[in-house]
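Accompanying notes for the structure given below.
The values are calculated or read from the model by the stated rules, or taken from the named source; none is laboratory data. Everything numeric here is computed off the predicted structure, so don't read it as measured data. Cβ: placed from backbone, ideal geometry, glycine included. Neighbour counts: every protein chain shown. Protein only, heavy atoms only, side chains kept; ligands, DNA and RNA dropped before computing areas. Shrake-Rupley method; radii C 1.70, N 1.55, O 1.52, S 1.80 Å.
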Amino acid sequence: PIASEYFGLRTQRVVLLAYMIGGTLCGLAGFLYAARVGTVTVILASGWELTSLAAAVIGGVSVTGGSGTVAGAALGAVVLATIDNGLVLLRVPEFWRMFIQGSAIVVAAAADVLIGLQIRNSLQGRRRRAS
């Protein structure tokens, strides 16, 4: 909303349109998945939240927001799917697969915070030198 306001767009309209597009795409994805599976239950996609979060964070999306690309998130999803597939082929138990995903999120989030701190410190140092 803040970026759209700076750009001179109507903020409420942009937010409403973003939610409408997101909801429509989620509904379409749910419909296609239900058509593929053949039945719908309450726990059909349980646990996918952690996987999608891990894919986005591994792909370079900042945990605090404001940076990241769709291509990076897609690359993170491919990397995570490859790792998960390898763990399945190695017959690693589900607990350890989820543990590895959680560890990947923690490592990527910690790296994101450390990089952000380094950038902030570097910018403050340049501002001090320029003054």
Practice prompt. Starting from region 30-49, take each residue that is at pLDDT below 80 and list its partners that are of a type in the set (Gly, Ala, Ser) and surrounded by 10 or more Cβ atoms within 10 Å (Cβ to Cβ), counting only C-beta distances under 9 angstrom and pairs at least six apart or across chains.
Written response: Val40/Gly30; Val40/Ala34; Leu44/Gly30; Leu44/Ala34; Ala45/Gly30
Worksheet item: For region 43-94, how many residues meet the condition of being farther than 30 Å from Ile119 by Cβ, open to solvent by 60 Å² or more (accessible area, probe 1.4 Å) and assigned to a loop (DSSP other than H, G, I, E, B)?
Response: 5
Discussion item. When the residues of region 82-131 are narrowed to those that are modelled with pLDDT of 85 or more and among the charged types (D, E, K, R), which ends up nearest to the chain's Cα centre (by Cα)?
Written reply: Asp84
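So which residues in region 100-131 are farther than 28 Å from Leu90 by Cβ, in contact (Cβ under 8 Å) with a residue 40 or more places away in the chain and open to solvent by less than 50 Å² (accessible area, probe 1.4 Å), if there are any at all?
We begin by selecting, within region 100-131, every residue farther than 28 Å from Leu90 by Cβ; these are 112-131.
Next cut, in contact (Cβ under 8 Å) with a residue 40 or more places away in the chain only: 112-113, 116.
Once the filter is applied, which keeps residues that are farther than 28 Å from Leu90 by Cβ, in contact (Cβ under 8 Å) with a residue 40 or more places away in the chain and open to solvent by less than 50 Å² (accessible area, probe 1.4 Å), region 100-131 yields Asp112, Gly116.
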